[in-house]
1. With a length cut of 24 Å (Cα positions projected on each helix's long axis) and a Kyte-Doolittle mean of at least 0.0, go through chain A and give me the DSSP H helices that pass.
2. From the residues B:Phe235, B:Ile121, B:Gly150, which one has its Cα farthest along the dipole of region B:76-305 in the positive direction, the dipole being from +1 and -1 charges on Cβ of Lys/Arg and Asp/Glu about the Cα centre?
3. Kindly provide the helix-only [θ] at 222 nm of chain A, computed as the sum of -39,500 (n - 2.57) over DSSP H runs of four or more divided by all residues, to the nearest 500 deg cm²/dmol?
4. Quick one: if you stick a label point 7 Å off each Cα along the C-beta vector at C:Asn237 and A:Thr70, how many nm between them?
5. For chain B, set up a GNM with springs between Cα atoms under 10 Å and report which of B:Phe34, B:Phe279, B:Phe87 has the largest fluctuation.
6. Enter the Cα centre distance for the pair region C:381-430 and region B:106-131, rounded to the nearest angstrom.
7. Taking each residue of C:332-342 in turn, how many C-beta atoms of other protein chains fall within 10 Å of its C-beta, and what is the average?
8. Can you sort C:Met120, A:Met117, C:Met406 so the residue with the fewest Cβ neighbours within 10 Å comes first?
Amino acid sequence: MKKKQTMEQLLVHILLILICVISLLPFLSMVSTSFMKVKGVLPNEPIIFPKLPLYTKNYVKVWFSGHFQTYFLNTVIVTAGGVFINLFVSVTMAYSFAKFKFPGKEFLFNILLLTMMIPAQLAMISQYTVLNGLHLIDDYKGIWLLWGGTCAAGSTFFYRGFFEAIPRELEESMYLDGASRLQTLLHCIIPLSKPAIATQVVFALNGYWSNLFDILTFTKSMNKRTLSVALQLFRGQHTTEFGRLFAASTIVILPNILLFILFQKQFIKQGLTEGAVKE
Amino acid sequence: MREQSFSRRFKKGIREWILVIPFLLIGTVLFILFVLYPQIKNIYISFTNYSIMPGAKNEFVGLANYRKIFTDIHVKGSDAYFFWMAFRNNILAILITVPGQLILGLLVAVFIHNLRFGKNIYKILLYIAVICDWVVFCNIVDYIFQPDNGSLVNYILTSIGILKQPVSWLKNTWTANFVIWFCSIWKGFGWVMIIYTAGLQGIPMDRYEAAKVDGANNVQMFWYITVPGLKATTFYLLINLINGAMNIFIQVFLLTKGDPIGTTDVVMDYVYRRAFNYFEFGYAASCGLVMGGVVFILSMFLKKYLRYGQDE
Amino acid sequence: MKKKVLASIMATLVATTALFGCGSSSTDSGKSETSSLQEKADGEDQKASEEGIAYNGEEATVTYWHTHSDAEEEVLTEQIIPEFEKRYPKIHIDAVRMPYDGLMQQIITGISGNTGPDLMRMDIIWVPELAKMGALEPVDDLEGFKEMKDKLFEGPLKTNYYNGKYYGLPLNTNCLSGTWSKAVMEQLGLKDFPKTYDEVVALKDKLNKDQYLIACEGPNPWSMAPLFNSLGGVYTNEDYTKASGYLDGEASIKAMETIVKWYDEGIIGPCMNGGKPDAANGLYDGQYLFSYQGPWFYANDDEEQIAKVEGGLLPAGSAGSLTVNGGEDLVIFNGSKVKDAAWVFAQFLMSDYAQTAQAVGGGHLVPTVKSVAESEEVKNTPYMDIYLKQLEGAVPRTPTPVWEKMSDKLTVAFTSCLLHEDEPASALKKAATEIDALLQDADK
């Protein structure tokens, strides 16, 4: 019996390793290419491991040229603000929908869901008019407000299930102690939903970190730009410099991966509240 | 009597609103400004011959834009033909990438859930593709699917004998569509896996133990405990994944641009190009709304079918 | 902390600017527009350069969008703009490099909110579209345009023409010319570049396995134009109002049939339809004899690789050695609040100084000012002479607001011919009918 289980475990490990290798090989190829001298024309053979000694000039060029450091800092700022407003908006809204009773609740919620279904390609023009009217074009505040609006539907949907699953008795005991709604949210709901929040933070962080179209559309000056925009600049009209493109790409995705590793303890933590994903 | 109960209900409603409004207000205002208003304006645009020039007159054209979507559907090369071609590709993407991600994600999640050690390392490794910036991701895909025999995919497939000759992946209809689906599955299943592992943790262990006592095997437990236990999670994923498949855009925009001859196009890319390359904003808006209508009906159907109501 | 320091610096700056602005505007007030001479006599700081026009407006910042490559951008930001700001201290240039993918969307949203750039360097094909939309400022009546007009090459200038007016200035031009593989030339025993397509095709039997003669980069109207046009094909009539009888005329059908035949026979290589080797690697590795490339090709790879190829004129077909005219135009958006300053900068970009700098420096952009193109300094730039010579046979891309749609229709027709989904005669006829309708729409 024990032996059979060990065999099973081994088999599962082998399968998972195989899946990981397939999933990650292209990334390895990208990183390796970034350490080679490849310009506009791609090499004729796949690069899986870089040739030694490593060619580091791509990184040096990317990092020290064309405001890359400013872009990096901008990305951090705009992402941090975005994640904050995302959290604020979606937690408060999900709390409203999960723990309050008010007329028109389901109607409002269904409108939220409905808007998720219509392609948002053309929304940019109207969003632009709104932000322009608020004089928030070329201003990160505008982008944060925009993200606060666009995250409302999806994130509320996501949190609502988690919040509803938190047993009423816990809150009610707090109310008996004289806590307000806000205090319950801060001291009961949020701590109990940490894993859900961590999950959503990672998603939001991801989306904002790599956002291209919003930044490009709603900021105008070079010094407001972020890494995704800088990355696009490596894809030229006539030429693409692959070595540099991939060096820049590696720099762009690295912090994201590191943050994820930092967050993952929360992210995939055991002991989500019983039935966190609503049954 | 009735009046009174109405006014009482009304007063009660107001009281409830006053309680909730501090929490609801900011999010709702932002939502109305940046999501609802643009979409309502979209509906208006779809009935006009819209010009983006400030102060320009927008001629009201009634249903002309919608009519265009349904005229000459079968005439190769007509506007409607390309729209429905793109629509077909979205449907195919749903049929292929949604089950693909769900099954792969669920299997991997169950595998990982039952591991004794190394859970997190797999989760992290498999999540890298999810985290990766879409632009970066598309560049990598472009790179590994280059058409010569030296590209990663062709090289591996020819050397293990699956392919005899290198394939120009992005230049033929079905191979290019395959690459687009591959993008979705590769980048998406890690997310499905993470959500499922969270869901798996929500299934009480005692159910498995009880089943074991009754002599159930692994497969049976999977079908009779795990799958039903994940019903809500699956619904959440399904809605999101279908949405994702309907909104496929960036990989088409960056990799194929709909070529060859619009056969790999998807609705989002079609709408985008109609609006921003052809300046046909009215027509583009109506295409987007037709698409939205379809997704809406599909979701309602799913909601009813899976009996997942908010207030059961 | 840092932010505060920054803020105070900004505040000081703004204050000084305001003061300065007030000062100059008070001296300006009451003077008529034509008082530039008097202004100079007054000893104002605005001195016109020998070749530019004077600027007497207020302090202004011009937002300038472009899509230059790294090397080209360096010339712009390190030579041209500093020199300009030295000569016109009241005008500041905010040069913004835009990504090429999705650029039109950026322009559109900018226009819709009246916050687009003031000046932009854009692909010549977009000028008529945006002019038709009403987003661009005509330049006919602006100071110095008439004098400048005669100094420019006619082809590039014409790309700014729409409905009786000029909507921009041709900043730089380009075209596809021949890039030849030295190895294949040697193998085939060629001393000179073949003069005609007949000579090229005759070399077919001397090829080894996996070798091809012609590398054309795709069935789109830009890449295929040199081949299609040289073999006698045309897209429309000369007024760009009609495709029927031209695109589906006998000569065009014959040209298309020839192309399909050559593609099937392996005279035109697989990169025509996205296959490998791609044009560049095929040239380096001796698999293609020649390819159609723009001047940017030579900045695109290591010197070591570039040394394997050589620039030379394209062979001639029945219609001569034709090619397609590309390039970029400078346009002023009519939503701009600093049109005067934008125009001054546009003029400066057209000056001998800037035109020479961008031709000799980094990107080797082909100048549009005749005298600059003929100057020794520019002629010595690698392969510049070849492109200038090739440009003599350059056919403009159809200057029409519906180019984008027309181009898609042509691509569809060409692709379906190459894939044998359709015969050239019927594919071109169908495309011609559709393009007729588009061109008619464009005139409305």
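Read-outs: derived from the displayed coordinates by stated rules, not from any lab. None of these values were measured; they are calculated from a predicted model. Cβ: placed from backbone, ideal geometry, glycine included. Neighbour counts: every protein chain shown.
1. Long hydrophobic helices here: A:2-34, A:68-99, A:140-164, A:242-267.
2. B:Phe235
3. Helices in chain A give a 222 nm mean residue ellipticity of -22500 deg cm²/dmol.
4. In this crude label model, C:Asn237 to A:Thr70 measures out at 5.3 nm.
5. Of B:Phe34, B:Phe279, B:Phe87, the most mobile in the Gaussian network model is B:Phe34.
6. Spelled out, the Cα-based centre of one part sits 51 Å from the other.
7. 0
8. A:Met117, C:Met406, C:Met120
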